[in-house]
Structures are given as structure tokens and as C-alpha cells.
Amino acid sequence: MKTTTNFKAAIILSVMASIMVACSSNKKPIATDTATEVAGSEVDFKIEKSGAQLWGEVCNRCHIAPSPADYNDTDWETISLHMRVRANLTEEEITKIESFLKSAN
Amino acid sequence: MTLIILGLGSSALAQTYNTFEPSKTQFMLRGYGHTGFEYLDTGGEQESTFLGATFAPIFLYKHSDKLMFEAELEFELEGNELKTGLEYADVMYVLNKHMTVRAGKFLLPFGTFMERLHPAWINRLPSRPLGFGHDGIAPASDIGVELRGAFDLGGPKLNYAVYVTNGPRIKDGSEEPEEAGMLDFGYYEDVNLAKALGGRIGLLPLSDSSMEWGISAYTTNSTGAEDSDYKDVGAFLWALDLSYVKSITPLQGVVDIKAQYNSSNVDTATYYEIEDGISEPYSFDNQSSSFYTQLSYRPIMSGSDFMKQLEFVGRYSDFNAPEGAEWEEKSTQYAFGLNYWLSWRSVVKFSYQTTKMEGGHDSDGTTRTNGLFVHWAIGF
């Protein structure tokens with residue numbers, strides 16, 4: 001039993017490591033006018049993602065990203081609070097996604 | 001006179017308009033449902049049936065930007081009986097940007113399948129992997145209190161959840177001798193003073209959040225009633241989970257990988273079986289495990305509108321119940337599916353599934369079950 005346990009745990013960890021290595025990239029994200037925020041010194045800056053980008057990345061982790069047109073602003077506020085907790089999202093993620101959904105519906 | 005009429009008219013219009021302003025509190029009904037057809041061949045015995053529709057309404061009450069109540073009911077036809085259930089019912093409050101407290105009956109973050117992926121319109125196959133659901137080893141929900149939250153680590157993200165709940169009850173065999181030693185996670189009444197402690201840590205190491213891996217643990221010092229021989233029988237469970245969802249241009253589509261390994265270790269105890277009217281004691285090393293991995297692919301960048309709606313799915317799962325238990329079992333299952341997405345929340349699933357089971361509830365030998373499924377699920 002323990003051999004099997006260790007084997008399967010090793011499989012998951014190996015897949016995790018493989019994907020991390022495969023996805024490692026030296027490319028820096030391309031900043032767009034709407035997705036860039038320069039903060040601090042000339043060399044210290046952070047790439048801010050847009051709500052649309054986060055909507056595509058975050059929602060698809062579990063289900064197909066919802067159509068913004070399917071709900072009104074009030075509904076999106078309720079759904080966003082629900083999903084923030086259910087999917088354990090950061091405040092920044094859900095705030096931006098909610099803003100995008102409300103702007104695009 | 002005209003001015004008076006115009007004045008009254010504009011006032012009435014303003015009042016009408018005000019009735020359409022959103023209220024401070026919001027109530028919303030969401031949920032999902034599914035139905036379908038199944039054909040099963042178990043060792044040469046065939047059966048086929050249309051499935052009664054399952055209806056799972058979700059009630060969301062947003063009291064403020066920080067306070068919410070959520071509940072999900074389940075209605076399902078099993079044969080001629082209407083089976084009802086309360087999937088979860090909890091109140092939650094956002095304490096700060098990194099911490100939310102929940103109390104009530106909630107889905108347990110033991111891995112990700114039961115908490116995030118099991119609803120029919122999200123699950124890519126009509127069935128659950130082995131080890132989940134009835135007689136499964138992964139806890140799905142319980143009553144208690146939980147803290148959870150997430151941090152942005154400047155690209156990577158970390159999320160956490162810790163909880164205290166009533167915990168499971170061990171089946172001592174008095175009611176169902178063939179299930180002696182099995183943990184009953186569906187028994188929500190607290191049978192002792194001990195509580196179950198659990199939690200999960202999830203890490204999303206990549207800046208595009210395409211990958212998440214998590215580790216979960218769940219433990220209790222007692223699973224038996226206070227005045228029973230099983231009071232000191234504790235349990236420790238842990239799980240590893242992985243999710244990877246990425247749009248890959250050379251493949252012209254989205255690749256979705258999910259995996260979860262569950263391990264259950266229950267303290268050894270003595271149970272009794274009745275043979276020829278005589279009660280015989282026996283015990284066994286009460287360790288169980290289950291594993292599943294699933295790969296799906298949606299060609300969303302295809303030039304064909306029809307192909308864009310398709311999804312190809314494959315899943316392997318297995319389940320190992322303790323050797324020496326009446327419910328000793330070793331099962332493996334392969335499932336293959338073709339889905340057609342009518343919208344982002346409505347899918348028709350066609351799948352073939354083959355399961356090989358050795359043992360299981362005091363049965364001997366090997367049983368193979370092959371099944372064809374057509375399910376239609378919709379979220380709302």
C-alpha cells in the first residue's frame with residue numbers, strides 16, 4: 001500500500017515539476033497600454049493584468065469563462081462574492097474580473 | 001396647467017425609475033440540472049435507463065459587500081423515490097482582503113474535485129472518479145467553521161483554508177456489517193466531543209495562474225461515540241491535487257489536466273462478523289487510497305465553428321479499500337468522453353466507461369462493468 005501511495009504521489013509531483021519546467025520562460029510579459037502600470041523607480045515596475053485577462057485565466061481553471069452578457073451588474077456583484085470565496089480568489093482578481101464583467105455585459 | 005401636468009408626470013416618472021434601482025441586499029437563484037441515458041453491462045447482465053432529472057438550486061443572499069449566505073439543495077429521482085439533500089448552507093463574512101470566515105455546512109477543501117469540480121455542468125464526464133461520492137474516502141462536506149483566503153505573491157499566488165468540523169462517524173458494523181471500519185462522512189451529527197481539523201494550501205506558481213497544486217490534510221482523534229469501543233479510533237487523511245489549464249497555440253485549443261490522490265488512514269480496531277450465529281472478532285490495517293487523473297482538450301482555435309464546441313476527455317481512476325475488510329476492493333476505471341458545448345454552461349456528454357473491480361462489499365472475484373452514457377447538463 002505504501003509503495004503504491006508513494007508511487008502515485010511521485011507521479012503527481014513529477015507532473016507538477018515537468019509542467020513547471022516546460023512552462024518556464026525567460027520571456028518577459030508584453031505590456032500593453034491598458035495593462036501596464038509603472039510604479040516606483042525606473043527599473044522597478046509591475047505588470048498589472050486587466051480584468052478581461054484575469055477573466056480568461058481564472059474562470060477557466062474550473063469551468064468555461066462565463067459570458068458577461070448573461071447577467072446584469074447587480075447579479076455579477078452577487079456572483080463575484082460567491083466565487084471569490086468558492087474558488088479562493090484574491091481580492092484583486094475578483095475586483096478586476098467583476099469590473100470587466102460589468103463593463104462588458 | 002401644462003406645467004403642473006408636466007411636473008406631476010416627471011415626478012411619477014422619477015418614482016417609477018427609482019423602483020428599478022438595485023436594492024442594497026440582493027437575492028439570487030442559480031444552480032444546475034442534468035438528465036440523460038445510461039446503458040450498463042455488468043458481467044453479462046445488461047440494463048438501460050433514462051435518468052430522472054436532477055435539480056440543484058443554489059440560493060445566494062448578498063447582505064452586503066462582505067456578508068453572504070449561500071445554500072444548495074439537491075433533488076434527484078432514484079427509482080420511484082425523490083431524494084433530497086442539503087449540499088451546503090453557510091454564512092460567510094469577508095474579514096479582510098486575505099481572510100474570509102464561513103460557518104455552517106460547507107463543501108470541504110479536501111483536494112479540489114468535490115469543492116470545485118463535481119457539479120454536472122463543470123465535471124467533464126457524466127460520472128465521478130472512483131473514491132468520490134457514496135462509499136468514497138474523500139470527505140465532501142461537513143458542519144463547522146472555516147477560515148480561508150488568498151495572497152498575491154507578485155505573480156504566483158497562494159490560497160489557504162483551515163477548518164474545524166464535527167467530523168465523521170466510523171461504521172462499527174452493527175447496522176451494516178459489510179461496511180465495518182468505513183468512515184461515514186455523511187453522518188453530520190457529532191457523536192463525540194472530538195472535532196475534525198483540516199485544511200488545504202494551494203499554490204499557483206505561474207503568473208498566468210494556469211497551474212495550481214495543492215496539499216490537503218484532515219484529522220480527528222475520535223470517530224466513535226463517546227460510550228463506544230471506537231471512541232479512540234482516530235483518522236488521518238491527506239490529498240494531493242493538481243490542475244493545469246492552458247491555451248496552447250500549436251494545438252489550437254485548451255488543454256485541461258486535473259489529478260487528485262487521496263489517502264485515508266484509520267486506526268486499527270476490532271470489529272465483529274456473525275458466522276453461523278457466532279460473533280467472530282477481526283481487524284485489519286484500515287488504509288485506503290484513490291487516485292484520478294483527467295485530460296481534456298477543446299479545439300477553440302479551430303477554423304470550424306462545430307469543432308470549437310467539441311471537447312475530448314479521458315480519465316483514469318482507481319480505488320483501493322483495505323485488505324481484510326468486508327469492503328475490501330481494488331478497482332480501476334477508464335472513461336472516455338466526447339462533449340458538445342451548447343454554451344459556456346450547457347453541455348451534452350457522450351462517454352464510454354469501463355470499470356474492473358476485485359472484491360467490494362464482501363463479494364468475491366472480479367467484476368467488469370462497461371457503460372455508455374449520454375448526459376445533458378446545464379448551469380443557470
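The values are calculated or read from the model by the stated rules, or taken from the named source; none is laboratory data. Note that the structure is predicted; figures quoted are calculated from it, not measured. Because the Cβ atoms are built from the backbone with ideal geometry, glycine has one as well, and the counts that use them run over all protein chains shown. When the accessible area is computed, the model is the full protein with side chains, heavy atoms only, and any ligands, DNA or RNA have been set aside. Shrake-Rupley method; radii C 1.70, N 1.55, O 1.52, S 1.80 Å.
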| What spacing in nm lies between the two simple spin-label points modelled at A:Ser67 and B:Ser64, each 7 Å away from Cα in the Cβ direction? | 3.6
| Rounded, prolate or oblate: which one fits region B:93-193, using the alpha carbon gyration tensor with axes a ≥ b ≥ c (rounded when a/c is under 1.5, else prolate when a/b beats b/c, else oblate)? | oblate
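Under the rule a/c < 1.5 gives rounded, and otherwise a/b versus b/c splits prolate from oblate, where does the protein assembly as shown land using the Cα gyration tensor? If you can, show how the numbers build up before the last one.
On the way: a/c = 1.67, a/b = 1.53, b/c = 1.09.
It is prolate, given that a/c is not under 1.5 and a/b is the larger ratio.
Across region B:174-318, how many lysine pairs, 8 or more apart or on two chains, come within less than 29 Å at their alpha-carbon atoms?
Details: B:Lys195/B:Lys231; B:Lys246/B:Lys258; B:Lys246/B:Lys308; B:Lys258/B:Lys308.
Pairs that pass both the separation and distance tests number 4.
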| request: Run the quick spin-label model on A:Glu48 and A:Glu92: label points 7 Å from Cα toward the beta carbon, then report their separation in nm to one decimal. | output: 1.0
| remark: Under the Karplus relation with 6.51, -1.76 and 1.60 and θ = phi - 60°, whole-Hz ³J(HN,Hα) for region B:242-247, x at Gly and Pro, equal 9, 9, 9, 10, 8, 7
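Please give me, ordered by residue number, the GluC sites (Glu not before Pro) of region B:165-222 that lie in loop per DSSP and have at most 12 other Cβ atoms within 10 Å. Before the final figure, lay out each step's value.
Values: sites: B:Glu175, B:Glu178, B:Glu179, B:Glu189, B:Glu212; in loops: B:Glu175, B:Glu189.
Sparse-neighbourhood loop GluC sites (Glu not before Pro): B:Glu175, B:Glu189.
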| task | Please give the total accessible area that chains B and A bury against each other, computed with a 1.4 Å probe and expressed in Å² to the nearest 100. | result | 4800
| message | Please state the shape class of region B:25-379: rounded when a/c is under 1.5, otherwise prolate if a/b exceeds b/c and oblate if not, all from the C-alpha gyration tensor. | response | oblate
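Top to bottom by accessible area (1.4 Å), largest first, where do B:Met182, A:Met83 land?
Numbers: B:Met182 10, A:Met83 55 Å².
Descending order: A:Met83, B:Met182.
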| message | Using the Karplus curve 6.51 cos²θ - 1.76 cosθ + 1.60 with θ = phi - 60°, what ³J(HN,Hα) values do you get for each residue of region A:69-81, in whole Hz, with x for Gly and Pro? | response | 6, 6, 9, 8, 4, 5, 5, 4, 5, 5, 5, 5, 5
| query | In chain B, carbon and sulfur make up what percent of the accessible area (probe 1.4 Å)? | reply | 59
| Other protein chain Cβ atoms within 10 Å, averaged over every residue that makes up B:54-61 | 1
| Can you tell me the accessible area per residue over region B:310-353, all protein chains present, probe 1.4 angstrom, in square angstrom? | 36
| remark: Summing -39500 (n - 2.57) over every DSSP H run of at least 4 residues in chain B and dividing by its residue count gives a helix-only mean residue ellipticity at 222 nm, to the nearest 500 deg cm²/dmol, of -1500 deg cm²/dmol
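What are the trypsin sites (Lys or Arg not before Pro) within region B:68-131 that DSSP puts in a loop, where the Cβ has at most 14 other Cβ atoms within 10 Å?
On the way: sites: B:Lys83, B:Lys97, B:Arg102, B:Lys105, B:Arg116, B:Arg124; in loops: B:Lys97, B:Arg124.
Those that pass, being in a loop and sparsely packed, are B:Lys97.
Can you tell me the FRET efficiency between B:Ser304 and B:Leu40 if r is taken as the Cβ-Cβ distance and R0 is 41 Å, rounded to the nearest 0.05? Could you put the intermediate results ahead of the total?
Details: r = 34 Å, r/R0 = 0.82.
Efficiency, rounded to the nearest 0.05: 0.75.
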| said: Using only the alpha-carbon atoms, how far is helix B:2-18 inclined from the longest principal axis of chain B? Give it as 0 to 90 degrees, nearest 10. | reply: 10
| Cβ charges +1 (Lys, Arg) and -1 (Asp, Glu), total dipole of region B:248-380, debye | 1500
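Want the number for B:Val348 to B:Ala89: 0.36 nm per residue separation, take away the alpha-carbon distance, what's left? Mind showing how you got there, number by number?
Values: separation 259, 0.36 × 259 = 93.24 nm, distance 2.90 nm.
In short, 90.3 nm is gained.
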| query | Which distance in nm do the two modelled labels at B:Tyr187 and B:Thr25 give, with both placed 7 Å along the Cα-to-Cβ direction? | reply | 3.8
